[in-house]
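Scroll down for the structure; my scribbles are underneath it.
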Amino acid sequence: MKKINCILLVDDNNADNVYHKIIITEADVCNYIRAVTNGREALDYIIKSGEPNQTESFPKPDIIYLDINMPGMNGFEFLEEYKKLDEKLKSKVLIIMLTTSLNPDDRERALTFKEVTEFQNKPITVEILHETIKKYFYPEYAAVM
Amino acid sequence: MIADAKVKQNTIPADGEQLDYRHLFESAPCPFLFLLPNFTIIAVSDSYTDVTITKRGEIVGRNLFQVFPSNPNNPSGNGLKNLAASFGNVLKNKSADIMDAQKYDIRKPDGTFEVRYWKVINSPVLDDKGEVKYIFNKLEDVTEQELGKDKNGALELAASIQNKMSEQLLQYKYFFDNSIDLAVIANIEGYFEITNPQFINVLGYSEKELRENKFVSFIHPDDAASALNIIEKLKEGAASINFVNRFRTKNGNYLWFEWTANSNKVVGKLYAVGRDITDRKKSEASLLESEKMLEEAEHLAHIGSWVWDIKKDETIWSEELYAIAGIDSKLSSPNYFNLSAIYTEESWKLLEQAVNKTISDATPYELQLEMVHKDGQIRNTNTKGFGIKGSTGQIVRLFGTVQDITERMRAEEKLHESEIRFRTLYESSFDAIMTLEPPFWKFTSGNSTAVKMFLAKDVKEFTSKDPWQFSPEKQPDDKFSVDMAKYEIDRAMKHGSSFFEWVHMRMNGETFPATVLLTRVEISGRKFLQATVRDITASKKAEERLLESERFLIEVQRIVNLGTYSMDIISGKWTSSEVLDNIFGIGSDYDKSVEGWSAIINPEWREIITDYFAKEVIGRKTKFDKEYKIIRQNDNAERWVHGIGSLKFNAENQPITMLGAIRDITETKKTEADLILKSEELARANAELEQFAYVSSHDLQEPLRTISNFAGLLEGKYAGKSDGNSDQYLKLIVNATTRMQNLIRDLLDLSRIGRNITFTKVDCNELLVEVIAEMDASIKESNAKIIYSILPILTGNKSGLKQLFLNLISNSIKFRNKNAALEIGINAAEKNNEYLFAFKDNGIGIEEKYFNKLFVIFQRLNNAAEYPGTGIGLAICKKIVTQHKGKIWVESKLNEGSTFYFTISKKI
């Protein structure tokens, strides 16, 4: 199974970002792991990733793990802005919303955005990460499972 | 009755016994007389007195030879001597003796004698012993024959006739001219020839008029035919004819005449003498009239009468008597003794006795007798009679009346019956009835109720007491009974009656309340009082109870501040309780009319209420039930009131009265408004709290997760690489954080229940399948067996119910008995207004003392190590059930299992 290029974590909780980096590293499924702490930064990152010669510093994400509650621009606000982005920037990008599974309302609201691929509860685990990669990037493996 | 008498006489049969011999004797057309052997005249015929020109009264009872003495002017007449000799022969031979013609001059009233010759037959009437009882003396006048024999006598006679003729003619003329009767000579051609002056006087026509018209033209048309008939008879030579007819006078009136007419065939003349009987006719008519009236009166009074001429044994009955006796008057002849047939034997005896007494000593009688009517019915009659004395002082006639009093007696019986009825009523009345009479107003009578009411032994004891003994000394108003009683008695006597309440006293001294009605009664001029006394002890008590409950009602209304009113729909007039007056702030002098009512209603509400009343209450006949504002009249304060009321209808279903109650709800309204405000605040606070709970739990979750995350990392990376203690410590940290996370999650769930809740149709069967699927892992792990019946499809909050099912099943799994295979039974039953669910397990059970604590948040009954949990699950269950307007409870036995019941209302 080939590694994907980049996973972008959008979460204001630094502890979570650290933990998730450890888990993702451990899972060994991508070349780059980048983390931003709110929606605004995430948008900036995506826009920058579209610019030429940014492969090293702003590699284009394949998966965006999006937290909902964030100061500044939260997850929903981010989604509103993300819709407006150039299709080139958005192609082949998975957005997985991370919830604490405490509030079903958030899930329902998130589902109204077609950009959202699915929900996952915090914390991300190695197993779930593997499954997600297989499911969306190597469906032939997933079928075997 | 005179008419009757005529009829009756005509109906006398030719029965020897009933012939009136005396009458026959006296009216026989031949002169004779009866003598006793001593020549005393005892009977004489009319004809005898006529020819002898004497009067019966003057000769009967006298000696024949004294009555007819010898003619002193003709002593040669030996008639009397011969007569005496003939009588002598009769007495001696006891056989008839016929005498030769005797000269026996008759003395005229003027004392002169008239020459007469007589053929005399004397015969004896013998008694039973063959002795001569009477001498019958019969005369035949043979004067003319005897005078013819004697020439001297003939000449004498002729001269005397001549003399007499001219003398008589003069006398006739005188008589003709001066007669008060009408005399007339007419010819057979039908014309008057000679009329006397009276004729002209009475009829008023001139002589000429009378001559020139046929006399029939003067006769009443109705009588003309019979007049012509009579003339025909006279022409044919009939002897004198008596008849009656009417003649028209000159002035057009008709007069009644009684005529005697005859004719002379040889000369062809008619002779008639007429007497004006108009007055008699009139009085006859009026007599007939009064007879009719009398008859009618008798009929009406059911009085029949009879007259019995004892001497003649002649009886006349009135028509009504026949009617009473039920005998046809045409088929029967009256007779005193006929009465015996129409009375009962006993009555007849009584009547006979009375009649005999009347005859003997003139005592009138009056008897109640039973008559047997022809139809067999017994009639009660009142029979009266009295005698009428003749000239001799003897009773000669009896006059009697018979009155049919059957009806009257029946009426009397009825009267008696009704008297009994009234007496029964009087005696059995629930009221005491008594009479008091002046001047001392003592009781003079009393019915049995009176006796009982006053506890007297009997009526005698009751009436022997002084009325004052039946009253206490004083009445409740502290006035003396005697004074009060006098006042009431005066009032009743003056105005006819008086009605009042009175405290009476029984003979044992016990007093009781009563009503008394005094009525003035007047019977045959005697005035007294009748008192009707009613013991009202019971009604007094009832009255007091009523008063009590009324007071209670008023008090209650006062306490709850409920005003009441009654309004007459037609007039708009209303009355109100004191409480309502207070609510309205009005006095008792307030104008209680529609306008007055309207003035009380707050102007903003007037139209609304008027409209509502007209359309809803009157129009649709609904109850009045509305909250509205009024202006309290005494302080102009705006007040809220709640009015309820309903209409009362008459028989025609027309509203007549509005009855209602009004409560001042201003304070309640204020409280209500406050309450709304408060509940709004509360809702807001709740929402904030929920928001807070959500946000805070979310925020709490993050650091917890971090701790748990990194504890997990440590655990994984360094397990078995450090000393045993740190492994244990890490494990404790992970457990604590997991528990904390569960707590926060449950808390958040709890706070979220009820937010934006929606109810939809939920199929509980599908729901249960879903739950079981979700719990698949734990069910398998616990090896639980879930048995369920068909569950209802109901209206509910799907996620809430799912949570409820989930919690209850997971509880059963969690608290399963480790020594037995877990069985969970789920059932539901439909009740009237709800569904009853039961979740039964065979788990560890719960002690009864914890039943109440079970549904309280954070209540845990077991240690966390063995049965981990947050203590929120059942609190959530209770909240969900409450939202479905249901209840939740548990039945359980320790170590045997628990059943959780809950209900879901059908009306959510």
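The values are calculated or read from the model by the stated rules, or taken from the named source; none is laboratory data. Nothing here was measured: the structure is a model prediction, and the numbers come from that model. Note: ideal-geometry Cβ built from the backbone for every residue, glycine included; neighbour counts use all protein chains shown.
Which strands (runs of 3 or more DSSP E) sit wholly inside region B:580-699 and have at least 1 residues that are over 56 Å from the mean Cα position of the chain (by Cα) and more than 14 Å from every other protein chain (Cβ to nearest Cβ)?
Values: elements: B:624-631, B:638-649, B:655-664.
The strands (runs of 3 or more DSSP E) meeting that bar are B:624-631, B:638-649.
Could we say that B:Leu704 is crowded, with 17+ Cβ neighbours inside 10 Å and either touching a Lys or Arg at 6+ places or on another chain (Cβ under 8 Å) or not assigned by TED's automatic domain parsing to the domain that holds B:Arg816 (or both) here?
Values: crowded, with 17+ Cβ neighbours inside 10 Å: yes; either touching a Lys or Arg at 6+ places or on another chain (Cβ under 8 Å) or not assigned by TED's automatic domain parsing to the domain that holds B:Arg816 (or both): yes.
So B:Leu704 passes the test.
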Only one of (1) at pLDDT 85 or above; (2) on the phi > 0 side of the Ramachandran plot does not apply to B:Tyr365, and that is (2)
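Yes or no, residue by residue, for (1) touching a residue at least 12 places away in the same chain (Cβ under 8 Å); (2) within 20 Å of B:Thr564 (Cβ to Cβ):
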{"site": "B:Glu604", "(1), (2)": "yes, no"}
{"site": "B:Lys648", "(1), (2)": "no, yes"}
{"site": "B:Thr666", "(1), (2)": "yes, yes"}
{"site": "B:Ile676", "(1), (2)": "no, no"}
Of (1) under 14 Å from B:His884 (Cα atoms); (2) within 14 Å of another protein chain (Cβ to nearest Cβ); (3) surrounded by 12 or more Cβ atoms within 10 Å (Cβ to Cβ), B:Leu748 fails just (1)
Find all pairs meeting these conditions: Cβ atoms under 8 angstrom apart; at least six residues apart or on different chains; first residue within region B:341-352 and closer than 18 Å to B:Ile327 by Cα; second residue among the charged types (D, E, K, R) and outside any helix (DSSP H, G or I).
-> B:Tyr343/B:Glu370; B:Thr344/B:Glu370
Only one of these conditions is not met by B:Val734: (1) under 17 Å from B:Val881 (Cβ atoms); (2) surrounded by 15 or more Cβ atoms within 10 Å (Cβ to Cβ). Which number is it?
-> (1)
Flag if B:Leu351 is modelled with pLDDT of 80 or more, within 30 Å of B:Tyr21 (Cβ to Cβ) and assigned to a helix (DSSP H, G or I) | yes
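Mind telling me which of the residues B:Lys731, B:Lys802, B:Lys785, B:Lys761 ends up being free of Cβ contacts under 8 Å to residues at least 60 places away in the same chain, under 26 Å from B:Leu854 (Cα atoms) and away from chain A (no Cβ under 14 Å)?
Numbers: B:Lys731 fails: under 26 Å from B:Leu854 (Cα atoms); B:Lys802 fails: away from chain A (no Cβ under 14 Å); B:Lys761 fails: under 26 Å from B:Leu854 (Cα atoms).
Answer to the selection: B:Lys785.
Going by the structure shown, is B:Ala719 over 30 Å from A:Ala15 (Cβ atoms), modelled with pLDDT under 90, exposed (fewer than 14 other Cβ atoms within 10 Å of the Cβ) and outside the structural domain of B:Thr870 (by TED's automatic domain parsing)?
So B:Ala719 fails the test.
Taking into account only those residues within region B:242-301 that are polar (S, T, N, Q) and farther than 24 Å from B:Ile230 by Cα, which is surrounded by the fewest Cβ atoms within 10 Å (Cβ to Cβ)?
Initially, region B:242-301 is screened for residues polar (S, T, N, Q), giving B:242, B:245, B:249, B:251, B:253, B:260, B:262-264, B:278, B:283, B:286, B:290.
Then keep just the ones that are farther than 24 Å from B:Ile230 by Cα; that gives B:251, B:283, B:286, B:290.
Details: B:Asn251: 7, B:Ser283: 11, B:Ser286: 10, B:Ser290: 10.
Looking at residues that are polar (S, T, N, Q) and farther than 24 Å from B:Ile230 by Cα, I get B:Asn251.
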With region B:502-577 as the region, which strands (runs of 3 or more DSSP E) entirely inside it contain at least 2 residues that are of a type in the set (D, E, K, R)?
-> B:511-523, B:526-535
Of (1) on the phi > 0 side of the Ramachandran plot; (2) in contact (Cβ under 8 Å) with a residue 40 or more places away in the chain, B:Gly237 satisfies every one except (2)
Residue satisfying condition, being more than 30 Å from B:Phe430 (Cα to Cα), touching a Ser or Thr at 6+ places or on another chain (Cβ under 6 Å) and surrounded by 14 or more Cβ atoms within 10 Å (Cβ to Cβ), within set B:Ser577, B:Ser593 = B:Ser577
B:Ala354, sole failed condition from (1) within 43 Å of the chain's Cα centre (by Cα); (2) not assigned by TED's automatic domain parsing to the domain that holds B:Val516 | (1)
Matching residues, region B:363-406, being of a type in the set (D, E, K, R) and in a strand (DSSP E or B) = B:Glu366, B:Glu370, B:Arg379, B:Lys384, B:Lys389, B:Arg397, B:Asp404
List every residue pair whose Cβ atoms lie under 8 Å apart, where the two residues are 6 or more positions apart in sequence or sit on different chains, the first residue falls within region B:382-410 and is exposed (fewer than 15 other Cβ atoms within 10 Å of the Cβ), and the second residue, located anywhere, is part of a loop (DSSP other than H, G, I, E, B) and modelled with pLDDT of 80 or more.
-> B:Lys389/B:Ala362
Which residue pairs have Cβ atoms closer than 8 Å, lie 6 or more positions apart in sequence or on different chains, and pair a first residue in region A:28-55 that is touching a residue at least 60 places away in the same chain (Cβ under 8 Å) with a second residue that is surrounded by fewer than 18 Cβ atoms within 10 Å (Cβ to Cβ) and not aliphatic (A, V, I, L, M)?
-> A:Val29/A:Lys3; A:Val29/A:His130
Identity of the residue in region A:1-22, of a type in the set (A, V, I, L, M) and assigned to a helix (DSSP H, G or I), that ends up nearest to A:Met73 (Cα to Cα) = A:Ala15
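Just to be sure, is B:Leu677 over 30 Å from A:Asn69 (Cα atoms), loosely packed, with under 15 Cβ neighbours inside 10 Å and at pLDDT 80 or above? Talk me through it step by step, then tell me what you get.
Working: over 30 Å from A:Asn69 (Cα atoms): yes; loosely packed, with under 15 Cβ neighbours inside 10 Å: yes; at pLDDT 80 or above: yes.
Answer is yes for this residue.
Condition check ((1) over 23 Å from B:Arg506 (Cα atoms); (2) outside any loop (DSSP other than H, G, I, E, B)) across all residues:
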| residue | (1), (2) |
| --- | --- |
| B:Lys414 | yes, yes |
| B:Ile420 | yes, yes |
| B:Arg423 | yes, yes |
| B:Glu427 | no, yes |
| B:Phe430 | no, no |
| B:Thr435 | no, yes |
| B:Pro439 | yes, no |
| B:Phe443 | no, yes |
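Consider region A:1-22. How many of its residues are basic (Lys, Arg) and away from every other protein chain (no Cβ under 14 Å)? Break it down into steps so the answer makes sense when it comes.
Step one: list which residues in region A:1-22 are basic (Lys, Arg), which gives A:2-3, A:21.
With away from every other protein chain (no Cβ under 14 Å) added as a condition, the list becomes A:2-3.
The number of residues fulfilling the criteria is 2.
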Run B:Gly716 past the list (1) within 14 Å of chain A (Cβ to nearest Cβ); (2) under 24 Å from B:Asn582 (Cα atoms) and report the number of the one that doesn't hold.
-> (2)
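Can you tell me which of B:Asn756, B:Asn742 is loosely packed, with under 12 Cβ neighbours inside 10 Å, within 14 Å of chain A (Cβ to nearest Cβ) and either out of contact with any helix residue (DSSP H, G or I) (no Cβ under 6 Å at 6 or more places or on another chain) or at pLDDT 80 or above (or both)?
Values: B:Asn742 fails: loosely packed, with under 12 Cβ neighbours inside 10 Å.
Among B:Asn756, B:Asn742, only B:Asn756 is loosely packed, with under 12 Cβ neighbours inside 10 Å, within 14 Å of chain A (Cβ to nearest Cβ) and either out of contact with any helix residue (DSSP H, G or I) (no Cβ under 6 Å at 6 or more places or on another chain) or at pLDDT 80 or above (or both).
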